[in-house]
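Okay, so here's the structure we're looking at.
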Amino acid sequence: MKKIVKRVLFSRHGIRYPLFKNEKMIEKYGKDIVDWDFDKKEMGVLTKKGMLIENLFGQNLRDIMQINDNDDIKFYCNTTERTYTTSRALSLAMTPYKEQKINRAANDFKSLDKRFNTLVFDENLLNHELIKEIDKSLMPVYERIEKLYDLKDGTLKNNSTKLSVDKRGYIVVKGALMEATDLADVAVLKYYEGVDLDKIFKIEVEDVVDEIKYISIAKDMFLDAIFADRRYIESSDDNVYKMLLEELNSGDRLTCLVGHDSNIATITKMFNVDLRIDSRCMIEKYPIGAKLLFNIYDDNTYEMLYIFYHYEDIRNIGFNKPIIKRLKVGELDEKNNFSNN
C-alpha cells in the first residue's frame, strides 16, 4: 500500500473586514451602502470569528493530515495581517503544544509579497476583448446589484470595465466588474460574519442567500479573468504556482502556504482543473478559508484535494467536518514536478 511522504497545503485566509471604509462608498455612491461599523485600522483584517473558524479548521486539518504533536510544519504567508493571523490560528490548532515559525518576506504589513500576485509588465497581454464579453454577460448581474443596493439605474451598467497595468506590474481593474466584485464581496462577508439577513442589502428580498450566490458570479468571473489567465501567469517571473513547485522540491515534509482566493484561481488554472461552484454547499467559487491539499505518495503520484466548509457552517460556526473534494490525481515527472496533463 502506497504511503504519503509529503504534504503541501495552500490556504485562503479567513473571514476579514472589507478592504475599504464606508466613507469610500459614501463618496462614490452618495450613501452608506456597506452598513457595517468597523474601525479604519481593521480594513482587510481578520475578524474574531474569522480567527475562531480558522482555529477550528486547523483542528480538522490535524486529523485530515495526520499531524502529530512534534511535527514541524513550514508556514509561509503573504505579508498581510489577514494571512499572518490565519497562519497563526492554523498553527496553534495543528500543533497546539509546539510553536511553529510563521515565515514571510517582511516583518511588517506595508508591502505585499510579489509571489502572491501575478505581475504583468506588457500591456499588450491584457485581454480587453474578454473583459468586454464579461461586461456583456454580467449585465443582468450588474442590474441586480444596483437594485439590491438601491443604486441609481446605470451606476454599474453604464460604467464599462477598463484594464491597465501600473508601474509595479499590477493589473488595475476599474469600472463595473471591479465595483460589482467589491459589492458582492461585502455581501458575502456580512453573511459569513453573521450579520442579520435583513441588513445585508438595502432592499427587502425573498431569499438573501440566493441573491448572494447570484451576484457572486461577478466576483468569480473577476478572479478568473485576472488571476486565472495562463498568459498572465506564465509571463510573471514569480507567482504562487512557481512557489508551490519549489515547495514540492523542498526537504520539508509538511508545508502550509497562506494567501488569497486569487491564488487558488491561479493554482487550479495551472493544474488544468475546471473548478466549478457547487451551489448546494458554496456561495462563491473560492470560499473563505478554502484549502488546497497536495498529498505526495512514495510511488511519485499525487492527489489534489479541495477542502472547505459549507457556507451555513461558516455563518453559524457549525462543528461539522469540512467538505473534501478530490480535484485531481497525477504523477510527478522526472524533475519531481507535477504533471498537469
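The values are calculated or read from the model by the stated rules, or taken from the named source; none is laboratory data. Fair warning: this is a prediction, and the values are worked out from it, not measured in the lab. Ideal geometry is used to build each Cβ from the backbone, glycine not excepted, and the neighbour counts take in all protein chains shown.
Table: residues versus (1) of a type outside the set (Val, Ile, Thr); (2) crowded, with 20+ Cβ neighbours inside 10 Å; (3) under 27 Å from Ile314 (Cα atoms).
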| position | (1), (2), (3) |
| --- | --- |
| Gln100 | yes, no, yes |
| Lys114 | yes, no, no |
| Asn117 | yes, yes, yes |
| Leu125 | yes, no, no |
| Ser137 | yes, no, no |
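With the condition kept exactly as written, say whether any residue in region 72-85 is in contact (Cβ under 8 Å) with a residue 60 or more places away in the chain, of a type in the set (Asp, Glu), assigned to a loop (DSSP other than H, G, I, E, B) and on the phi < 0 side of the Ramachandran plot.
yes
For region 236-251, enumerate the residues that are under 14 Å from Leu293 (Cα atoms) and of a type outside the set (A, V, I, L, M).
Taking region 236-251 first, the residues under 14 Å from Leu293 (Cα atoms) are 241, 244-245, 247-248.
Scanning region 236-251 gives Tyr241, Glu247.
Condition first: under 22 Å from Ile267 (Cβ atoms) and either small (Gly, Ala, Ser) or assigned by TED's automatic domain parsing to the domain that holds Thr181 (or both). Now tell me which residues in region 279-322 satisfy that.
Gly289, Ala290, listed by residue number.
Condition first: crowded, with 19+ Cβ neighbours inside 10 Å and either in a helix (DSSP H, G or I) or without any contact (Cβ under 8 Å) to a residue 24 or more places away in the chain (or both). Now tell me which residues in region 221-233 satisfy that.
So in region 221-233, the residues crowded, with 19+ Cβ neighbours inside 10 Å come out as 221-229, 232-233.
Across region 221-233, the qualifying residues are Met221, Phe222, Leu223, Asp224, Ala225, Ile226, Phe227, Tyr232, Ile233.
What are the pairs with Cβ atoms under 8 angstrom where one residue, in region 38-59, is assigned to a helix (DSSP H, G or I) and the other, located anywhere, is modelled with pLDDT of 90 or more and surrounded by fewer than 16 Cβ atoms within 10 Å (Cβ to Cβ)? Sequence gap at least six, or different chains.
Note: pairs meeting the criteria are Lys49/Gly194; Lys49/Ile317; Leu52/Ile317; Ile53/Ile317; Leu56/Ile317.
Could you say whether any residue in region 189-206 is crowded, with 21+ Cβ neighbours inside 10 Å, more than 24 Å from Ile53 (Cα to Cα) and not basic (Lys, Arg)?
yes
Quick check on my filter: what residues within region 169-203 are in a loop (DSSP other than H, G, I, E, B) and under 22 Å from Pro140 (Cα atoms)? Lay out the reasoning, then the answer.
At the first step, the residues of region 169-203 found to be in a loop (DSSP other than H, G, I, E, B) are 169-170, 175, 194-196, 200-203.
Within region 169-203, Gly175, Ile200, Phe201, Lys202, Ile203 qualify.
Out of all the residues in region 50-69, which are closer than 22 Å to Tyr192 by Cα and either surrounded by 17 or more Cβ atoms within 10 Å (Cβ to Cβ) or in contact with a helix residue (DSSP H, G or I) (Cβ under 6 Å, 6 or more places away or on another chain) (or both)? Show your work before the answer.
In the first step, residues of region 50-69 are kept if they are closer than 22 Å to Tyr192 by Cα; the result is 50-61.
Gly50, Met51, Ile53, Glu54, Asn55, Leu56, Phe57, Gly58, Gln59, Asn60, Leu61 - these are the residues of region 50-69 that are closer than 22 Å to Tyr192 by Cα and either surrounded by 17 or more Cβ atoms within 10 Å (Cβ to Cβ) or in contact with a helix residue (DSSP H, G or I) (Cβ under 6 Å, 6 or more places away or on another chain) (or both).
Restricting attention to region 178-194, which residues are touching a helix residue (DSSP H, G or I) at 6+ places or on another chain (Cβ under 9 Å) and either modelled with pLDDT under 95 or within 13 Å of Ser216 (Cβ to Cβ) (or both)? Before the answer, list the steps.
First pass over region 178-194, keeping only residues touching a helix residue (DSSP H, G or I) at 6+ places or on another chain (Cβ under 9 Å): 178-188, 190-194.
Once the filter is applied, which keeps residues that are touching a helix residue (DSSP H, G or I) at 6+ places or on another chain (Cβ under 9 Å) and either modelled with pLDDT under 95 or within 13 Å of Ser216 (Cβ to Cβ) (or both), region 178-194 yields Ala180, Thr181, Asp182, Leu183, Ala184, Asp185, Val186, Ala187, Val188, Lys190, Tyr191, Tyr192.
Take region 86-99 and flag every residue that is of a type in the set (Ser, Thr, Tyr) and either assigned to a loop (DSSP other than H, G, I, E, B) or not assigned by TED's automatic domain parsing to the domain that holds Ser262 (or both).
So the first thing to find is which residues in region 86-99 are of a type in the set (Ser, Thr, Tyr), and the list is 86-87, 91, 95, 97.
Thr95, Tyr97 - these are the residues of region 86-99 that are of a type in the set (Ser, Thr, Tyr) and either assigned to a loop (DSSP other than H, G, I, E, B) or not assigned by TED's automatic domain parsing to the domain that holds Ser262 (or both).
Can you spot a residue in region 317-328 that is under 22 Å from Leu112 (Cβ atoms), touching a residue at least 40 places away in the same chain (Cβ under 8 Å) and surrounded by 18 or more Cβ atoms within 10 Å (Cβ to Cβ)? Give the steps one after another, and end with the answer.
Kept after step one, since they are under 22 Å from Leu112 (Cβ atoms), are these residues of region 317-328: none.
For region 317-328, residues under 22 Å from Leu112 (Cβ atoms), touching a residue at least 40 places away in the same chain (Cβ under 8 Å) and surrounded by 18 or more Cβ atoms within 10 Å (Cβ to Cβ): absent.
Go over the candidates Glu206, Glu211 one by one and state the one that is part of a helix (DSSP H, G or I) and out of contact with any His (no Cβ under 8 Å at 6 or more places or on another chain).
Numbers: Glu206 fails: part of a helix (DSSP H, G or I).
Step by step, each of Glu206, Glu211 is checked, and only Glu211 is part of a helix (DSSP H, G or I) and out of contact with any His (no Cβ under 8 Å at 6 or more places or on another chain).
For region 102-112, give me each residue that is at pLDDT 95 or above and loosely packed, with under 13 Cβ neighbours inside 10 Å.
Scanning region 102-112 gives a single hit, Asn103.
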